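Participant: I have a structure here, written as structure tokens, and I will follow up with some questions on it.
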């Protein structure tokens, strides 16, 4: 099997400005934060970002990397409103496409299945249609229903974080929820998986039931060993959300000087420096 | 209003009256998922299952279906199933769910906003986003909880239609309206439904000590009135015991809604 091990920098070197990138996880849960931090350090910009948004969206918006955000919500979960997202919305200058959460899943599913769209009731009659006038409806060929035709959300690249992976790109979640990470990978031209631990395939399979190996190597184009890589979002059962750090992040985000200090302290250096600064035993 | 009202031999706070009013939203719903958002509706849903509606399904707030009754600020003792987000969309689109959301604005016909205040392109206050509100309302029963009833929340027209109302659904055609099922609105002043003219919001009951005029004045549109506006039922002694001893022993409810 092909060895797909690479570093965060290798992943970012494969990304280009103007790409459409999907980020797995959900809110402030199991986000591929070390990959996001690597993106922050790069000169890649002008991105279209598709996400069940959390601090991934917040950080990339704050760094001016995002031209177009496609999302159902952006939240830090225990802190309902993401401060950078909120500031970016209120400042303007970025295109925001806000879908119902289920529509987002449906668009990824359509892309994964190479379909131009999938029909749904979600979004009908709501302002999702008013703010996205390109959305069309489709009449059932079998009845009278007129359904919203959710267009495929095709991704150039997907970034997800898992608990375990092997070097070939099989990857396992050990927490309670797979979120939509497999769908993000399948909707993408190329999928990059970071993991808390990279282990031999036999160890991966011994680590949980077969169905916990959510991501299969045919999805995957790169595997990154990223211990504590989801910090400060949760990565159950390896660790929970770092609530104290998240609060510090949210507090700093509200004030330009405090944010500059936060960036200097945590984000100006590489991932090792970040992990040292947050006190992790990487 | 006063913060303490008589309930038979016991006394109930406003928060407890609201929680019980929320519980009644799920009455006779059968074997469906009750999805309460925030503390008071969560108390209500757990109370409903512990008393009148034992068949309801409830989640632990993460990815599990929880059995039994447990405290709003604790993890459940027993689980009965798995419900990751992907399965939440399945149960939602199957129609086997009744959500109670907390909008920042809701209008006469039940259009609800969770997304932003002001123009969408450059809002004066950006909030969560659409979340699941468009899909929820086009697929299954929906109720709303408003912790502070005011003309800023109960508005003539919401800035962003996330959850759809009766007027918008009717304009969009029969498929949008097919499974629209707006049930009730519980606020800190009153209980309302959508049995007014053309599916307009209607005042059903006011909480103990609240006058009809007070609710009308706190509502930013012409509020339809039920023929006989009653007083919101008080918690029974058994309901109060469940709330205080089992579901919310540390009193989170009193932080979510306060007497005026």
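The values are calculated or read from the model by the stated rules, or taken from the named source; none is laboratory data. What you see is a predicted model; the values in this text were computed from it and never measured. Neighbour counts are summed over all protein chains in view; Cβ atoms, including those assigned to glycine, are modelled from backbone coordinates with ideal geometry.
Participant: Which residue, of B:5, B:104, B:39, B:20, is modelled with pLDDT under 95 and closer than 29 Å to residue B:203 by Cβ?
Facilitator: On the way: B:104 fails: modelled with pLDDT under 95; B:39 fails: modelled with pLDDT under 95; B:20 fails: modelled with pLDDT under 95.
Going through B:5, B:104, B:39, B:20 in turn, the sole match is B:5.
Participant: Within 17 Å of residue A:37 (Cα to Cα), within 23 Å of the chain's Cα centre (by Cα) and modelled with pLDDT of 95 or more: is that true of residue A:198 in this structure?
Facilitator: Details: within 17 Å of residue A:37 (Cα to Cα): no; within 23 Å of the chain's Cα centre (by Cα): yes; modelled with pLDDT of 95 or more: yes.
When the stated conditions are applied, residue A:198 does not pass them.
Participant: Looking at residue A:226, is it assigned by TED's automatic domain parsing to the domain that holds residue A:37 and loosely packed, with under 15 Cβ neighbours inside 10 Å? Quick ask: steps written out before the conclusion?
Facilitator: Values: assigned by TED's automatic domain parsing to the domain that holds residue A:37: yes; loosely packed, with under 15 Cβ neighbours inside 10 Å: no.
Criteria not met by residue A:226.
Participant: Which residue is farthest from the other protein chains (Cβ to nearest Cβ), if the candidates are limited to the stretch A:40-91 and must be assigned to a loop (DSSP other than H, G, I, E, B), closer than 16 Å to residue B:129 by Cβ and more than 16 Å from the chain's Cα centre (by Cα)? Working first, answer last.
Facilitator: Of the residues in the stretch A:40-91, the ones assigned to a loop (DSSP other than H, G, I, E, B) are A:42-46, A:54, A:63-65, A:75-82.
Cutting the leftovers down to closer than 16 Å to residue B:129 by Cβ gives us A:54, A:75-77, A:79-82.
If we keep only those that are more than 16 Å from the chain's Cα centre (by Cα) too, we end up with A:79-81.
On the way: A:79: 11, A:80: 6, A:81: 7 Å.
Top of the filtered list is A:79.
Participant: Also: Does any residue of the stretch B:110-127 turn out to be touching a residue at least 12 places away in the same chain (Cβ under 8 Å), more than 9 Å from every other protein chain (Cβ to nearest Cβ) and buried (at least 21 other Cβ atoms within 10 Å of the Cβ)? Spell out how you get there, then give the answer.
Facilitator: Going residue by residue through the stretch B:110-127, those that are touching a residue at least 12 places away in the same chain (Cβ under 8 Å) are B:110-120, B:123, B:127.
Next, only the ones that are more than 9 Å from every other protein chain (Cβ to nearest Cβ) stay: B:110, B:112, B:117, B:119.
In the following step, the residues that additionally are buried (at least 21 other Cβ atoms within 10 Å of the Cβ) were identified as B:110, B:112.
Yes: the stretch B:110-127 contains one or more residues that are touching a residue at least 12 places away in the same chain (Cβ under 8 Å), more than 9 Å from every other protein chain (Cβ to nearest Cβ) and buried (at least 21 other Cβ atoms within 10 Å of the Cβ).
Participant: Mind checking which residues of the stretch A:97-125 are touching a strand residue (DSSP E or B) at 6+ places or on another chain (Cβ under 9 Å) and at the interface with chain B (Cβ under 8 Å from one of its Cβ atoms)?
Facilitator: Selection gives A:98, A:99, A:100, A:101, A:102, A:103, A:105, A:120, A:121, A:122, A:123, A:124.
Participant: Hey, can you tell me all the residues within the stretch B:71-87 that are without any contact (Cβ under 8 Å) to a residue 12 or more places away in the chain and either in contact with a strand residue (DSSP E or B) (Cβ under 6 Å, 6 or more places away or on another chain) or within 10 Å of another protein chain (Cβ to nearest Cβ) (or both)?
Facilitator: Step one: of the stretch B:71-87, the residues without any contact (Cβ under 8 Å) to a residue 12 or more places away in the chain are B:74, B:77, B:86-87.
Hits for the stretch B:71-87 are B:86, B:87.
Participant: Going by the structure shown, is residue A:119 modelled with pLDDT of 95 or more and part of a loop (DSSP other than H, G, I, E, B)? Before you say what the answer is, go through the steps one by one.
Facilitator: Working: modelled with pLDDT of 95 or more: yes; part of a loop (DSSP other than H, G, I, E, B): no.
No, not satisfied.
Each row is one residue, and each column tells you yes or no for (1) out of contact with any strand residue (DSSP E or B) (no Cβ under 6 Å at 6 or more places or on another chain); (2) more than 30 Å from residue A:130 (Cα to Cα).
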{"position": "B:184", "(1), (2)": "no, no"}
{"position": "B:191", "(1), (2)": "no, yes"}
{"position": "B:208", "(1), (2)": "no, yes"}
{"position": "B:260", "(1), (2)": "yes, yes"}
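Participant: I would also like to ask the following. Checking residue A:174 against (1) within 19 Å of the chain's Cα centre (by Cα); (2) surrounded by 21 or more Cβ atoms within 10 Å (Cβ to Cβ), only one condition comes out false. Which one?
Facilitator: (2)
Participant: Whether any residue in the stretch A:79-94 is closer than 23 Å to residue A:173 by Cβ and either out of contact with any helix residue (DSSP H, G or I) (no Cβ under 8 Å at 6 or more places or on another chain) or surrounded by fewer than 24 Cβ atoms within 10 Å (Cβ to Cβ) (or both) is what I want to check.
Facilitator: Initial filter on the stretch A:79-94 (closer than 23 Å to residue A:173 by Cβ): none.
No, that holds for no residue.
Participant: Can you name the residue in the stretch B:227-258 that is in contact with a strand residue (DSSP E or B) (Cβ under 6 Å, 6 or more places away or on another chain) and buried (at least 16 other Cβ atoms within 10 Å of the Cβ) and, of all such residues, is farthest from residue B:208 (Cα to Cα)?
Facilitator: So the residue we want is B:240.
Participant: Of all the residues that make up the stretch A:126-162, how many are under 24 Å from residue A:22 (Cβ atoms), surrounded by fewer than 23 Cβ atoms within 10 Å (Cβ to Cβ) and more than 11 Å from chain B (Cβ to nearest Cβ)?
Facilitator: Final tally of qualifying residues: 9.
Participant: May I pose another question? Does residue A:261 meet the test of being exposed (fewer than 13 other Cβ atoms within 10 Å of the Cβ), out of contact with any strand residue (DSSP E or B) (no Cβ under 7 Å at 6 or more places or on another chain), in a helix (DSSP H, G or I) and free of Cβ contacts under 8 Å to residues at least 24 places away in the same chain? Steps first, please.
Facilitator: Values: exposed (fewer than 13 other Cβ atoms within 10 Å of the Cβ): yes; out of contact with any strand residue (DSSP E or B) (no Cβ under 7 Å at 6 or more places or on another chain): yes; in a helix (DSSP H, G or I): yes; free of Cβ contacts under 8 Å to residues at least 24 places away in the same chain: yes.
For residue A:261, the condition - exposed (fewer than 13 other Cβ atoms within 10 Å of the Cβ), out of contact with any strand residue (DSSP E or B) (no Cβ under 7 Å at 6 or more places or on another chain), in a helix (DSSP H, G or I) and free of Cβ contacts under 8 Å to residues at least 24 places away in the same chain - is met.
Participant: Further question: Any residue at all in the stretch A:235-252 that is more than 29 Å from residue B:88 (Cβ to Cβ), crowded, with 18+ Cβ neighbours inside 10 Å and touching a helix residue (DSSP H, G or I) at 6+ places or on another chain (Cβ under 9 Å)?
Facilitator: Among the residues of the stretch A:235-252, at least one is more than 29 Å from residue B:88 (Cβ to Cβ), crowded, with 18+ Cβ neighbours inside 10 Å and touching a helix residue (DSSP H, G or I) at 6+ places or on another chain (Cβ under 9 Å), which makes the answer yes.
Participant: A follow-up question, please. Report those strands (runs of 3 or more DSSP E) wholly inside the stretch B:152-260 carrying at least 1 residues which are more than 18 Å from the chain's Cα centre (by Cα).
Facilitator: In the stretch B:152-260, the matching strands (runs of 3 or more DSSP E) lie at B:224-231.
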